[in-house]
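A short worksheet on the structure shown next.
The values are calculated or read from the model by the stated rules, or taken from the named source; none is laboratory data. Note that the coordinates shown come from a computational prediction; the quantities given were computed from them, not determined experimentally. A quick note on method: Cβ atoms are made from the backbone with ideal geometry, for glycine too, and the neighbour counts reach across all protein chains shown. For the accessible areas, the whole protein counts, side chains as well, though only heavy atoms, and no ligand, DNA or RNA atoms are used. Shrake-Rupley method; radii C 1.70, N 1.55, O 1.52, S 1.80 Å.
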Amino acid sequence: MNLHEYQSKRIFAKYGIPIPQGEVATTPTEARDIAVRLGGKVVVKSQVLVGGRGKAGGIKVANNGDEAEALADKILGMNIKGLTVKKVLIDEAADIRKEIYLGAVLDRARRRVVLMASSEGGVEIEQVAAETPEKIITMAVHPFLGLRDFQARQLADGIGLPKDQINDFIKIARNLYQVYMDSDASLAEINPLVITGANKLIALDGKIVLDDSALFRHPELAEMRDPDEEDASEHEARRHGLSYIHLDGEIGCMVNGAGLAMATMDIVKFYGGDPANFLDVGGGAQADKVAAALRIILSDSRVKAVLINIFGGITRCDQVAIGVLEAINTLTVKVPFVVRLVGTNEEEGRRILAEANLITATSLADAAQKAVAAAQGASQSKNEGGAA
């Protein structure tokens, strides 16, 4: 779950990380009123959960309230990488002398939270890593000891921070680490963290990505979710208790169990196909849940075939088969289905599907090959129909 910039910075402020004064506006008039209250120059910043807002024209500087109103009028409603801007953050403008990067992320290889700092702030850290990796300094944090002052000092020295800024940097680094830990985040970053003309460190922009699996511990953070910024299919899947991630392929996958789902996606790729999604219906999926999963898969117009791979342990194969048929009967289905059922009540499940004339398979390799062939056949028929 991604938080908006203004949400991330409000959390930073609670932990003592300095941020500019600012408020969120949903109309040009509100933007003007906020700018007048702040006085002086302000920055009008689109609030959408994508990068590259500045390049897209979603971040502008206004000299007064009237300019802020005019800029907000242009930015609100703007489409940035497929997302519509519905909010703008009006921040007081900063006198920027230097931009740096500071972030906390989980390094799975080291099994540690790692603090990263770079003298190249204000640009995507991935770009810095690709072009000048030597400018990124990392520090792994012991899970029981936390970030120590000497570690933060080494980060500051590594990026060439002036000595009179080091103590403030240490405080911000330790507080950012605490934000990361307390919110069960997978990423917490300040980009840029700037040195101002008044020789102060201020977090001009912020980003927090939360671990969805830990949100039950943070209802106050879960309430910050912006449904308008999410993929509609993923939002619908969560409503039904399904684990779903939208991808760019043409073979829809419905599987029970995350490991089996990953293996299914891998074997689809192995046989020349591309998965359209990751979808785990869980260990005890009943017919209604299966039907909901298939409705979500079929809502993707790029899906040319559906591969269902169910191992019936807790889940009963006959219940899966009933759910499949329920979905087919309630939807306009124009793509072929390939189903592999193994486990509890598999004979009954296969009988139900055979009576409905669906394609069945006994092995995962067989199912993947049939699904890829079915998707390719559907694409060819579509192309021939278009040519005709």
Worksheet, complete the sentence: Considering the stretch 206-233, residues that are modelled with pLDDT under 75 and in contact with a Leu (Cβ under 9 Å, 6 or more places away or on another chain), and then whichever is nearest to GLY51 (Cα to Cα), we arrive at GLU229
Worksheet, complete the sentence: Given the conditions (1) within 24 Å of ILE172 (Cβ to Cβ); (2) surrounded by fewer than 16 Cβ atoms within 10 Å (Cβ to Cβ), every one holds for VAL61 apart from (1)
Response to the item:
Checked pairs for the stretch 131-156, first closer than 15 Å to ARG111 by Cβ and polar (S, T, N, Q), second open to solvent by less than 30 Å² (accessible area, probe 1.4 Å) and in a strand (DSSP E or B), C-beta under 6 Å and 6 or more apart or across chains, list as THR138/VAL114
Worksheet, complete the sentence: Filtering the stretch 64-81 for residues that are over 17 Å from ILE34 (Cβ atoms), small (Gly, Ala, Ser) and either in contact (Cβ under 8 Å) with a residue 24 or more places away in the chain or surrounded by 13 or more Cβ atoms within 10 Å (Cβ to Cβ) (or both) leaves a count of 0
Practice prompt. Output the residue which, of all residues in the stretch 27-58 that are among the polar types (S, T, N, Q) and not in a loop (DSSP other than H, G, I, E, B), is most open to solvent (accessible area, probe 1.4 Å).
Written response: THR29
Item to complete: Output the residue which, of all residues in the stretch 192-238 that are polar (S, T, N, Q) and open to solvent by 30 Å² or more (accessible area, probe 1.4 Å), is nearest to TYR101 (Cα to Cα).
Response: ASN199
Worksheet item: Any idea how many residues of the stretch 201-220 are basic (Lys, Arg) and either within 19 Å of LYS45 (Cα to Cα) or within 15 Å of the chain's Cα centre (by Cα) (or both)?
Response: 1
Worksheet item: Which fully enclosed strands (runs of 3 or more DSSP E) of the stretch 281-378 have 2 or more residues being out of contact with any Asp or Glu (no Cβ under 6 Å at 6 or more places or on another chain) and open to solvent by less than 10 Å² (accessible area, probe 1.4 Å)?
Response: 305-312, 337-343
Worksheet item: Do we have any residue at all in the stretch 245-261 that's farther than 25 Å from GLY146 by Cβ, surrounded by fewer than 17 Cβ atoms within 10 Å (Cβ to Cβ) and either in contact with a Cys (Cβ under 7 Å, 6 or more places away or on another chain) or free of Cβ contacts under 8 Å to residues at least 24 places away in the same chain (or both)?
Response: yes
Practice prompt. Read through the list (1) crowded, with 19+ Cβ neighbours inside 10 Å; (2) modelled with pLDDT of 95 or more, then give the number of the only condition that MET1 fails.
Written response: (2)
Worksheet item: Does the stretch 135-165 hold any residues that are touching a helix residue (DSSP H, G or I) at 6+ places or on another chain (Cβ under 6 Å) and open to solvent by less than 10 Å² (accessible area, probe 1.4 Å), and which are they?
Response: LEU147, ALA152, ALA156
Discussion item. Out of the strands (runs of 3 or more DSSP E) lying entirely within the stretch 169-269, which hold 2 or more residues that are hydrophobic (A, V, I, L, M, F, W, C) and in contact with a helix residue (DSSP H, G or I) (Cβ under 7 Å, 6 or more places away or on another chain)?
Written reply: 185-196, 201-203, 206-210, 251-255
Item to complete: Select from the stretch 111-134 the residues that are within 20 Å of TYR180 (Cβ to Cβ), open to solvent by 70 Å² or more (accessible area, probe 1.4 Å) and not basic (Lys, Arg) and list them in ascending order.
Response: GLU124, GLU126
